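**Student:** Below is the structure I would like to discuss, written out as structure tokens.
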Amino acid sequence: MGVLFDNRMAHFGYVGTDLDKMVDRMVQSGIGPWFYIRDLQIESRFRGERRDPNISLAFGATAGHLMELLVQNNDVPSAYREFLSRHPDGGLHHVCYMADDLDAKVEDLKREGEKYTLVQEFMATNGKPNEIYLEPQGSEDPLLMQILLPTPWDHAFQTIRELGLDWDRTEPKREMSDIIPDDIKRALAAGYAI
């Protein structure tokens, strides 16, 4: 799979039901620090229908690998709710890869003979998808592939990777707003998911 995605893995995504408990488990294992974003409302289409999940998440890193821990706060149908119906205790939900063009990447996968079903699209402020979840066809318990366009968050993600390399176990829980640029803070305050 790495060749199909140009070896541009962005993060591993874990879904659960208690974000603080998930973060505490990681911190107890020496992984951190963790950066929280709470109550993020996201415009999306799930299996072709408009569904807008409200999520809370935290990002951390170990050995340079970014991890996302995520809980959904509302009950709308989503890839997260679907996953939790199969795995009530949560677990590894997706592997995220970067791409410069979502449509081109999906076409590349088709040309390579890969068969995926579009599960969920997340919309940018321009109304177009900026990330998608795909599931391999024929799997009873699919591990989703997320494809993400470059975002204004990339600098913050790199900062988290670097902080995780030599974290001294101080301040294990932090706010993402501490490391994101002011324009992203303003967009989040206005209710936009970037």
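**Student:** What does the accessible area per residue of the chain come to in Å², with a 1.4 Å probe and no ligands, DNA or RNA counted? Each step should come with its number before you reach the end.
**Tutor:** Details: 10010 Å² over 194 residues.
Accessible area per residue, the chain: 52 Å².
**Student:** On to the next question. Need one number: % antiparallel among DSSP beta bridges in the range 12-68, to the nearest 5. Write out the running numbers ahead of the final one.
**Tutor:** On the way: 11 of 13 bridges.
Bridges in the range 12-68 are about 85 percent antiparallel.
**Student:** Sticking with this structure for a sec: Give the carbon-plus-sulfur fraction of the accessible surface of the chain in %, rounded to a whole number; probe 1.4 Å, heavy atoms of protein chains only. Write down the numbers at each step before the final one.
**Tutor:** Working: 4680 of 10010 Å².
That share works out to 47 percent.
**Student:** Find how many whole Å separate the alpha carbon centroid of the range 42-112 from the alpha carbon centroid of the range 135-178.
**Tutor:** Here the answer is 11 Å between Cα centres.
**Student:** To the nearest 20 Debye, how big is the dipole of the chain about its Cα centre, given +1 on the beta carbon of each Lys and Arg and -1 on that of each Asp and Glu? The partial results should precede the final answer.
**Tutor:** Numbers: 21 positive and 33 negative charges, 47 e Å.
For the chain, the charge dipole is close to 220 debye.
**Student:** How about Lys110: which lysines have a C-alpha closer than 27 Å to its C-alpha, ignoring those fewer than 8 places off in the same chain?
**Tutor:** In chain and number order, the partners are Lys128.
**Student:** Starting from the Cα coordinates of the range 39-180, work out the convex hull volume and express it per residue in Å³. Mind showing how you got there, number by number?
**Tutor:** Working: hull volume 18.7 nm³, N = 142.
It comes to 132 Å³ per residue, whole-number rounded.
**Student:** I want to verify a result. In a Gaussian network model of the chain, Cα cutoff 10 Å, which of these has the top mean-square fluctuation: Ala124, Ala63, Ala156?
**Tutor:** Most flexible of the set in this elastic network: Ala63.
**Student:** First check a/c for the range 15-94, with a ≥ b ≥ c the square roots of the eigenvalues of its C-alpha gyration tensor; if it is under 1.5, answer rounded, and if not, answer prolate when a/b is larger than b/c or oblate otherwise. Working shown, then result.
**Tutor:** Values: a/c = 2.16, a/b = 1.82, b/c = 1.19.
Since a/c reaches 1.5 and a/b is larger than b/c, the shape of the range 15-94 is classed as prolate.
The values are calculated or read from the model by the stated rules, or taken from the named source; none is laboratory data. If you're wondering where the values come from, they're calculated on a predicted model, not measured in any experiment. In this analysis, Cβ positions are derived from the backbone assuming ideal geometry, glycine residues included, and neighbour counts consider all displayed protein chains. SASA here: full protein model, heavy atoms, side chains in, ligands and nucleic acids out. Shrake-Rupley method; radii C 1.70, N 1.55, O 1.52, S 1.80 Å.
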